[in-house]
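Every number in this text was worked out from the coordinates using simple rules, so none of it is lab data. Predicted model, so just to flag it, every value in this text is computed and none were measured. Reconstructed Cβ throughout: ideal geometry from the backbone, glycine too, with neighbour counts over all protein chains shown.
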Amino acid sequence: MRPIGYYLKQLDNLLEDSMERALDGVTRREWQALNTYATLSERPEQAMSPFDGIEEAVAKLRERGWLDGDALTGEGRQAHTRIAERVNGIRKRTLDGIGDEEYVATVGVLNRMCDNLG
């Protein structure tokens with residue numbers, strides 16, 4: 001069995017590649033902003049404030065015509081729906097064959113490891 005770092009890096013690479021294909025030219029940060037505007041009704045910019053590159057991502061959404069002020073345009077809502085379906089497909093495929101208890105246990109272990117090193 002290989003060390004956990006190998007599997008973490010391998011999974012990270014696979015997730016990155018899958019997300020890049022699913023996002024179809026949209027960066028992960030742009031997706032994060034698009035999803036935040038689509039799902040939060042109040043102060044989405046405040047919710048995204050801890051993340052680097054949000055201002056650029058929001059500007060790009062405006063350039064694409066997906067965001068007008070603090071609201072998604074019709075085109076933005078369509079893009080969100082299309083991309084969200086792809087992202088949800090990746091999440092479902094990633095968790096295929098993994099039960100709820102296994103998932104919770106795995107996340108718990110990873111969280112403790114982060115706490116141990118943080």
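Each of Asn35, Gln78, Ala22 was scored by the projection of its Cα onto the charge dipole of the chain, and the greatest displacement toward the positive side belongs to Ala22; charges sit on the C-beta of Lys, Arg, Asp and Glu. Comparing Ile98, Ile90, Ile54 in a Gaussian network model of the chain, where Cα atoms under 10 Å apart are tied by springs, the biggest mean-square fluctuation is seen for Ile98.
Close amide H partners of Leu67, meaning residues 5 or more places away or on another chain with modelled amide H under 5 Å apart, are Arg62, Thr73. Kindly identify region 64-118 as rounded, prolate or oblate by the Cα gyration tensor criterion: order the square roots of the eigenvalues as a ≥ b ≥ c, call it rounded if a/c is under 1.5, otherwise compare a/b with b/c, prolate if a/b is larger, else oblate. In terms of gyration-tensor shape, oblate. With contacts taken as Cα pairs under 8 Å and at least 6 residues apart, the chain reaches a relative contact order of 23 percent. Stretching Asn116 away from Ala84 to a fully extended chain increases their span by 8.2 nm, per 0.36 nm per residue minus the current alpha-carbon distance.
Here the gap between Asp70 and Glu55, fully extended at 0.36 nm per residue and compared with their Cα-Cα distance, gives a gain of 4.1 nm.
For the chain, what are the DSSP H helices with axial Cα length of 27 Å or more and mean Kyte-Doolittle hydropathy of at least -1.0? Taking the DSSP H segments of the chain (at least 27 Å long, mean hydropathy at least -1.0), we get 4-23.
For log10 I(q)/I(0) by the Debye sum over Cα atoms at q = 0.10, 0.13, 0.15, 0.17 Å⁻¹, the candidate list reads (1) -0.36, -0.59, -0.77, -0.94; (2) -0.28, -0.47, -0.62, -0.80; (3) -0.40, -0.65, -0.83, -0.99; the entry that matches the value derived from this model is (3). Treating r as the C-beta distance of Arg43 and Met1 and R0 as 35 Å, the FRET efficiency rounds to 0.15. Seen from Glu55, the other residues with C-beta closer than 12 Å to its C-beta sum to a net charge of -1, counting Lys and Arg as +1 and Asp and Glu as -1.
Evaluated with a Cβ-only charge set (Lys, Arg +1; Asp, Glu -1), the chain carries a dipole of roughly 280 debye about its Cα centre, given to the nearest 20.
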